[in-house]
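Structure, as structure tokens:
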Amino acid sequence: MIRQQNRTWSDAPVVIDAANVAASEQIPGCGKFCWDRVDAVRRAWKDEVDADARFILVMDTGPSNQLGPTCKRNYRRESDAGDVIEVEFGDPEILRKAEQNDAAVITADFYKDARREHPWIDGNRSQFFTWEVRGGTIHIVSRDMLVPSDFSKTRAEEQAELKGLGADVKKPAVERALRQ
């Protein structure tokens, strides 16, 4: 069982960055965003860490709208039951829930743009987890959140601000426009 400073993670809920998991290309799925991937990661946590885990699922609105018909049905069922928090941009809610509940977070994100507001993330080696697929099986692994440079934090903050305005700086056309 993975432990946080001499305690099991069954003491707190597990916050899942559901959009991040649903988009994972490592996990087989039915499309670009697949709710089955979230289910698979939850099962892996229950199998490897805590069979009685409680989850807080946070999903961005954009990806939830791109789920396929079957996944959308399953997602809506859980959402209607109150098991999913759907917000326009999930990162602030994920970090707020993690901080409030001293919860584990399952994500592939490093949240560099949120480090100034949430300094507890810097160097955190016990609270963040991700997944690996080995031999067709999903495994939960600890993440070292490292301590990024101030430059990398500033750049991530700028990228997040622009993304919030609808400009994804990772797209070549947007990057070219910003350079000019």
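Close amide H pairs (under 5 Å, H built 1.01 Å from N) link I85 with L57, V58, M59, residues at least 5 positions away or on another chain.
How far, in nm, would the chain grow between N74 and V147 when pulled straight, counting 0.36 nm per residue and subtracting the alpha carbon separation?
Values: separation 73, 0.36 × 73 = 26.28 nm, distance 3.75 nm.
Additional length available on full extension: 22.5 nm.
Ranked from largest to smallest solvent-accessible area, with a 1.4 Å probe on the protein heavy atoms, W131, W120 come out as W120, W131.
Rank these residues by their accessible area, most exposed first, probe 1.4 Å: D102, D113, D11.
Numbers: D102 70, D113 45, D11 90 Å².
Of D102, D113, D11, the descending order of accessible area is D11, D102, D113.
Just so you know, the averaged projected area of the alpha carbon convex hull for the stretch 10-98 sits at 5.6 nm².
Projecting the Cα atoms of P13, G82, C30 onto the charge dipole of the stretch 4-98, computed from C-beta unit charges around the Cα centre, puts C30 farthest toward the positive end.
Measuring only protein heavy atoms, the 1.4 Å probe finds L146 accessible over about 100 Å². Modelled spin-label separation between F110 and A51, with each label point placed 7 Å from Cα along the Cα-to-Cβ direction: 3.8 nm.
The values are calculated or read from the model by the stated rules, or taken from the named source; none is laboratory data. Worth saying up front: this structure is predicted, and the values here are computed from it rather than measured. Cβ: placed from backbone, ideal geometry, glycine included. Neighbour counts: every protein chain shown. Just the protein is used for accessible areas: all its heavy atoms, side chains included, with ligands, DNA and RNA removed. Shrake-Rupley method; radii C 1.70, N 1.55, O 1.52, S 1.80 Å.
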